[in-house]
Structure formats: C-alpha cells, structure tokens
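Colleague: Next up is a structure, given as structure tokens.
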Amino acid sequence: MRRAELVAAAILGLAGCSQPHPIVICHNANCGEPTDPARDDTLPAFRESLALEDRGRPVIDGIELDSFWRGSDGVCLYAHDVSNFAENTPATAPAVELAAHFAKDGPITFADTPFLVLLELKAYVSADTKDRHTPEQRTRHALCAWDIYKIIADAAVASQRDVEIEFQSFSPDLLRAVIAATPATTPVPYSFGALQGLPSPLDDQSHPLRDYSGLPISDVQVHPGFMTDAQHEAVLSSGAQLSFFWFSTTNETFAAIRKYRPWAVDTSEARLMRRWLER
Amino acid sequence: MAKHLMYGVLAGVAIARGGTPARADAPGASGTAAPAEPGTALHAGLNLRADSGAHPVRLIAGIDTGPFDLSLTVDPMFLIDDGQIDTDLLATARVSEGGWGVLGGWRTTAIGILGGRQYQEKLVLGIGAPLPRVGDLPIRTRWTLEAATLLVKHGGGLPTDWISFAEGRDFVDLINFGMFITIELTNAPR
C-alpha cells in the first residue's frame, strides 16, 4: 500500500468515514429514476420498482406502501394523498401484487436480508392535511392496515419468504389504533415506526416524539435535510433506531447518511443509492 | 496528485506575492509578474465551510477587478476517497463601497457510484462581504451566504433527472442553503 493510501485509510478510520450500509427501502413504492412524485403510490410505479435490478440482484430491500383513509366516503385507498380525486385503488391492491412477487423464484432483497414492508397510515382524511381522523375513522383505518398485513403475511408464509412489516405514521393516535386492533394471529414479525418530516410551516404533520410515549416505537424515520442534532439525540435516547426518508438525493443526503448512519434509507432513487452504497 | 496540489498552492503564493504564476516547480522560479491591470488583483487560498453543501476544505483562486470578481474552487478532498468532487465557478459583482457583492455561479458535484460518477449540477446564488483584514498581511477573507439549487443530475449510467416545480416534493430537497468563507493571499494594495 502506498503511503498516501495509508494516510487516507488512517484519516478515514479516525473520522469513522467508512461506507455505511443501510438497507434500501423504496419510498412511496416509486423509486425508479428519474424521480417523479406524481407517480408516488401508483400501481405502475410499484410494479416497476419491484422489478428494479442492478447487476442481477434486486436493488431494494423493502418497499413503502401508503394507505389513505378518504373520509368523504369511508374508503381505504392506496394513495399518497387525495390531490388526485380520481384515485380509487384499494389499499390492499399492492399487497396482492406483492404476494405474487414473493411467489416468484429468486431473491427478493439485495443481500438476502428480510424484506421490509413499511405500511404508512396517512394521518389525514381529505385534501386538507389538517383534516384528521375521527375515532371511528382511526379504527377503520387500523383494520384496513391489518388487512394489508394479513395478505402480505400469508403470502410470506406460503412462499417461505423472510418478511417483516412496520406500521408507521405521523399520527401516534393511528398507531395506538393499530395496536388496539391487533388480530389474534400474527404470522410474521411487525413493529412500529414514528415519522418526523418537514417542520412547520412547510408541513404540519410531524408530532414531537414525546407524543409517541407509551408506544413500542422501534424506528424513527426522519428527513435528513431537516433533522437537528437535538432530534438525533432524542431518537437515540428513546432507544429506537434512526432511518431516513427524502424525495431527491443530493450530496447533502449522502453526507447525512455518512454522518448519522441510519439503519434504513427510504429513497426515491433506489439504483443511485445502491450504486453509491456498493461503490 | 498530492504533488500537483502542492504545486498549485505554491503557485497561489507566488501569485499573491506578485511573482510569476507559472511553473512554481521551476528551481528558483521567482520571476516578475506581468503588470496587472489597474485595480486588478489576484488571489488564491482556501474555501472553507462547515455545512455539507460541498467538501469543507477546498482550494480557491481568482481575479478581482474591483467591480467584478471571478473565482474557481477546486476540491482536493477527493484524495480521502469519499468519491465526491465539488468544483465551483463563481462570479461576484460588487454592489457597495464596503465590498458587499452578489454572487452567481455554478457548482458541479461529482458523486462516485458503482460503475461511474453521477454529476449534480447546481446554480449557486448568494451574497458576500469582506471580513476585516488582519494588520498588513496580504490576506483577504470573505464570507458568503449561498442558495444552491440542483438543476440536473446526470451520468453514472442513470437517467438524467431535471428539477421540476410541479409540486413541493419535486424540489424541496434540491434547494439548499449554506455558508462559506474564503481565506486567500492577495496582491491587492491595502
């Protein structure tokens, strides 16, 4: 090894700058480049994302599926929001297709780690993000989430796939409703995650972590561009793991992953992230 | 490569002292610089920042005509092999007697990925101001606040991705603010 390389290795070692290796989750089931948020939580993007491969391996280690309770007609949708009022795909639709994916031959994750499904329960019920669930809507949304769980879990068992499911939400009350509706049998592991997004006034969905008190939160998913060191410390002190979500990857994103070393990254550019991680 | 960087720094020092900018590696090189235009000064030194908009320590050199300053910042930190190279070409137009200026330019960040590099092209806009000079030292320092907007990503075998403003999710991550200071040797008169 040349002297310069030795020095570089020493600097990297001292700085703790070795390449991190979080698992790669497909954000909003729409993670093929180029980014196009208009296709978030749509079945065509979901199918394309599941099929992403790089050098003969699946690019992703898991996928995020959003469920949205539309309050006006009491329907549980597969949707990011109802900005498109023509949206009518049932929330269970991608789970049915995921079951078929599990039944295919071949690996379903990049490194044969368990396939992680993030089931996000959207925290509002109309186009207005301040329009929150009634208690009854919370219960029905929670039951919808368990319906999705059952389809995925049954498929995982039938196909002998190693699958884990995380219920996550910006709303602690929704997670409490999910826990309250836990079915008698749960054939695959599940966990709970809190979301910390853009701060107000950019977005009004995030709750402080103290609002999740009493919930068995094992994952706090944060937007790295808006995370403060205090938030990071709060996550660590809560005993949960840190993960990231974001929309478009910049060098600031890579720097944050190097600095904070999340256990999972929920990205809209899965191939870019995989190629950066494996470089 | 480290040798080339050392030559670059030596050349910068030579420029600041009014010596020839060429061939810093030439033994005993200390020739006379061509006369600068009236009011024109050369500068070279460090571009430093604490945020993650670019590498924290880079090398900068440029020319200051008084009303207008043009600088190039290059990145030696790719030597530590994090796969990233940040290069800036920035122009500053002076807007006050005190030296405040508005800044515009371009930053190319090359991100090393498996199979190549992705290039992230950013429009950089900002404001800057001089910091007080220290004694009679031929050193100039400036502070700059920037907004860097990632306009397009390309390369690395991935599809080209342009910024869009269709909805917030399209661009919220692509506009980032940062600050940097430059500490440079200069041949500007006091």
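Every number in this text was worked out from the coordinates using simple rules, so none of it is lab data. This structure is a prediction, so every number in the text was calculated from the model and none was measured. Using ideal geometry, Cβ is built from the backbone for each residue, glycine included, and neighbour counts are taken over all protein chains shown.
Colleague: Run lengths n ≥ 4 of DSSP H only: what is the helix-derived mean residue ellipticity at 222 nm for chain A, with -39500 (n - 2.57) per run over all residues, to the nearest 500?
Modeller: Details: 8 runs with 94 residues, N = 279.
Counting only the DSSP helices, I get -10500 deg cm²/dmol.
Colleague: Right, here's the next one. Can you list the residues, at least 5 places off or on another chain, whose amide H is less than 5 Å from the amide H of A:D266, using H built in the peptide plane?
Modeller: Those qualifying (amide H under 5 Å, at least 5 residues apart or on another chain) are A:I25, A:F244, A:F245, A:W246.
Colleague: Right, here's the next one. Sequence-distant or interchain residues sharing an amide H contact under 5 Å with A:D131, placed H: which?
Modeller: A:V125, A:S126
Colleague: Take the alpha carbon atoms of region A:154-225, find their center, do the same for region A:46-98, and report the distance between the two centers in whole angstrom.
Modeller: Rounded to whole Å, the Cα centres lie 16 Å apart.
Colleague: Starting from the Cα gyration tensor of the protein assembly as shown, multiply each eigenvalue by 5, take the square root, and state the resulting semi-axes largest first in whole Å.
Modeller: Numbers: eigenvalues 506, 112, 68 Å².
Equivalent-ellipsoid dimensions as semi-axes: 50, 24, 18 Å.
Colleague: Near A:T92, within a Cβ-to-Cβ distance under 14 Å, what is the net charge of the other residues, with Lys and Arg +1 and Asp and Glu -1?
Modeller: Every neighbour counted, the sum reads -3.
Colleague: Between A:A180 and B:Y119, what is the label-point separation in nm under the 7 Å Cα-to-beta-carbon projection?
Modeller: Spacing of the two 7 Å Cα→Cβ label points: 5.7 nm.
Colleague: Report, to two decimal places, the Cα Rg of chain A normalised by 2.2 N^0.38 Å (N = number of residues). Could you put the intermediate results ahead of the total?
Modeller: Details: Rg = 18.9 Å, N = 279, 2.2 N^0.38 = 18.7 Å.
Ratio of Cα Rg to 2.2 N^0.38 Å: 1.01.
Colleague: Net charge around B:L150, counting only other residues with Cβ within less than 10 Å of its Cβ (Lys, Arg = +1; Asp, Glu = -1)? Before the final figure, lay out each step's value.
Modeller: Numbers: positive: B:R107, B:K122, B:K153; negative: A:E252, B:E121, B:D161, B:D173.
Combined, the nearby Lys, Arg, Asp and Glu give -1.
Colleague: Also, I was wondering about something else. Could you pull out every residue, at least 5 positions away or on a different chain, whose amide H is within less than 5 Å of the one on A:L118? Hs are placed 1.01 Å off N in the peptide plane, and Pro or chain starts have none.
Modeller: The list, which skips near neighbours in sequence, is A:I63, A:E64, A:L65, A:E166.
Colleague: Still on this model: Near A:K122, within a Cβ-to-Cβ distance under 9 Å, what is the net charge of the other residues, with Lys and Arg +1 and Asp and Glu -1? Please list the in-between numbers first.
Modeller: Numbers: positive: none; negative: A:D66, A:D81, A:E120.
Counting the neighbours of A:K122, the net charge comes to -3.
Colleague: Label-point separation (nm) for A:A230 and B:T160, each offset 7 Å from Cα along Cα-to-Cβ?
Modeller: 4.4
Colleague: Still on this structure, please answer the following. How tilted is helix A:135-159 with respect to the longest principal axis of chain A? Cα atoms for both, answer in degrees (0 to 90, nearest 10).
Modeller: Here the helix axis deviates by roughly 60 degrees.
Colleague: How far is the Cα center of region B:40-99 from the Cα center of region B:140-190, in Å?
Modeller: Rounded to whole Å, the Cα centres lie 12 Å apart.
Colleague: Shifting gears a bit: With only Lys, Arg, Asp and Glu charged, each at its Cβ (+1 for the first two, -1 for the last two), find how big the charge dipole of the protein assembly as shown is about the Cα centre; round to the nearest 20 debye.
Modeller: Working: 39 positive and 56 negative charges, 314 e Å.
That gives the protein assembly as shown a dipole magnitude of about 1500 debye.
Colleague: So, with +1 on the Cβ of K and R and -1 on the Cβ of D and E, and no other charges, what is the size of the charge dipole of region A:126-279 about its Cα centre, to the nearest 20 debye?
Modeller: Values: 15 positive and 19 negative charges, 70 e Å.
Here region A:126-279 has a charge dipole of around 340 debye.
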